Amino acid sequence: MKKFIYIIVLLCSLGCANNASKSMEMDAVESFEKIEEQSDLSEDDAYTIIITQKLQEYLDRKTLAKTNPDFTIDTHKNKLFSTEEGAQLKHINFITPFETVSDSVKKVATQVVLEHQTDTIITLIKTSTITIDNEVFKTHKIEFEKTEGVQN
């Protein structure tokens with residue numbers, strides 16, 4: 001009889017815990033949508049933020065690979081520019097206007113300003129549309145390429 005009561009109490013507590021997390025997830029989604037709706041960012045500003053985050057992530061991975069050889073991060077595959085260990089990104093500038101390569105890909109020449117270095121790379125922005133539970137979401141994937149004729 002005690003086992004039966006323990007099982008019921010356990011199921012009730014797990015059931016209540018799952019409902020609370022689902023409501024918190026819904027609140028988070030609703031607040032994200034509100035922020036997205038209230039955002040007054042231009043498309044260029046939004047792309048600047050995303051590209052800056054991706055470039056800083058790239059620099060952080062290079063630093064992590066240098067300082068911790070146990071991590072297997074392939075930073076040589078897409079070597080964009082040579083940097084010092086721990087280099088921080090100051091800002092980026094778009095050199096050319098966005099060029100539409102296809103209906104889902106945009107291309108722009110980007111000037112990357114680091115602490116002690118400035119370089120130019122090509123940024124590709126791939127946009128796709130995903131439908132989840134009858135809601136349409138846009139996703140953006142950022143890729144970088146070296147500019148032609150530049151040796152690092």
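None of the figures in this text is laboratory data; all of them are computed from the coordinates on show. Since the structure is predicted, the reported quantities are computational estimates derived from the model, not experimental observations. No Cβ is skipped: glycine too gets one built from the backbone with ideal geometry, and neighbour counts run over all protein chains shown.
Summary of values
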quantity: Segment L124-D70, length gained on full extension (0.36 nm per residue, minus Cα span); calculated: 16.4 nm
quantity: Relative contact order, percent, the range 42-146 [alpha-carbon distance under 8 Å, six or more residues apart]; calculated: 20
quantity: Contour excess over end-to-end distance, with Cα ends at I7 and K54 and 0.36 nm allotted per residue; calculated: 12.1 nm
quantity: Peptides 122-131, 107-116 ordered by average Cβ neighbours within 10 Å, highest first; calculated: 107-116, 122-131
quantity: Full-stretch length increase - T147, F94 - with 0.36 nm per residue and alpha-carbon distance subtracted; calculated: 17.7 nm
